[in-house]
Structure formats: C-alpha cells, structure tokens
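> If you scroll down you'll find the structure; I have some questions about it.
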Amino acid sequence: MKIAQIREAIDTLNWNRHDATGGTPDENQRTDLPTRLAPHIAIVKALKISPRFVRDLQNQASALQHANTVIVRWHDKKNSHNA
C-alpha cells in the first residue's frame with residue numbers, strides 16, 4: 001500500500017469520527033457510532049506503516065485512540081440516558 005493510501009485511510013477514520021460527533025447530543029446518540037466507525041478502525045489497525053514514516057505511525061495511533069475514546073463516551077452517554 002502506498003503512503004498516500006495509508007494517509008487517506010487515517011484521514012477517512014478521522015473524518016467519520018468528526019462527522020458522527022458534530023451534531024446535537026440527541027443526533028449523536030441516534031447514530032450507531034461503534035458500527036459506523038468499526039470498518040474504518042479495522043482498516044487503520046491493519047495498516048502496515050514503515051518505521052521511516054514516524055509522523056504517519058503517530059497519526060495512526062492517535063486516530064485509533066481518539067476513535068476508541070469517542071466510542072467509550074458514546075456508550076457512557078447511551079447508558080446514562082437508559083438508566
């Protein structure tokens with residue numbers, strides 16, 4: 001996979017994360033965020049990035065961390081609304 005494709009996959013995950021959390025709180029809760037992000041997370045996790053692309057390795061880790069954090073928050077809010 002070319003580095004441009006790797007960067008596009010990471011950008012796509014970040015874009016979907018931002019898009020899915022940019023609405024009102026009610027809209028955000030109606031969106032099944034884990035399902036929406038799951039295929040993008042899987043793609044980014046599977047990326048094989050050469051160690052010479054340090055910034056891209058950092059971006060990969062950051063994108064995955066932020067996506068997982070948003071999913072945890074989504075579950076927490078969903079559970080607090082159902083309680």
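> Could you tell me how many of the residues in region 34-51 are closer than 15 Å to T21 by Cβ and touching a residue at least 24 places away in the same chain (Cβ under 8 Å)?
4
> Return the only residue of A4, A61, A42, A9 being surrounded by 15 or more Cβ atoms within 10 Å (Cβ to Cβ) and either part of a helix (DSSP H, G or I) or touching a Leu at 6+ places or on another chain (Cβ under 6 Å) (or both).
Result of the check over A4, A61, A42, A9: A9.
> Going by what's in this entry, would E27 be described as of a type in the set (D, E, K, R) and modelled with pLDDT of 90 or more?
no
> I'm checking my understanding of the structure. Among residues of region 16-32 that are surrounded by 12 or more Cβ atoms within 10 Å (Cβ to Cβ) and under 15 Å from A63 (Cβ atoms), which one is nearest to the chain's Cα centre (by Cα)?
The selected residue is R17.
> Looking at region 1-43, which of its residues are farther than 18 Å from V72 by Cβ and of a type in the set (A, V, I, L, M)?
M1, I3, A4, I6, A9, I10, I43, listed by residue number.
> Could you list all residues from region 30-65 that are touching a helix residue (DSSP H, G or I) at 6+ places or on another chain (Cβ under 6 Å) and over 16 Å from R7 (Cα atoms)?
T31, L33, P34, R36, L37
The values are calculated or read from the model by the stated rules, or taken from the named source; none is laboratory data. All of these numbers come straight from a predicted model, not from anything done at the bench. A quick note on method: Cβ atoms are made from the backbone with ideal geometry, for glycine too, and the neighbour counts reach across all protein chains shown.
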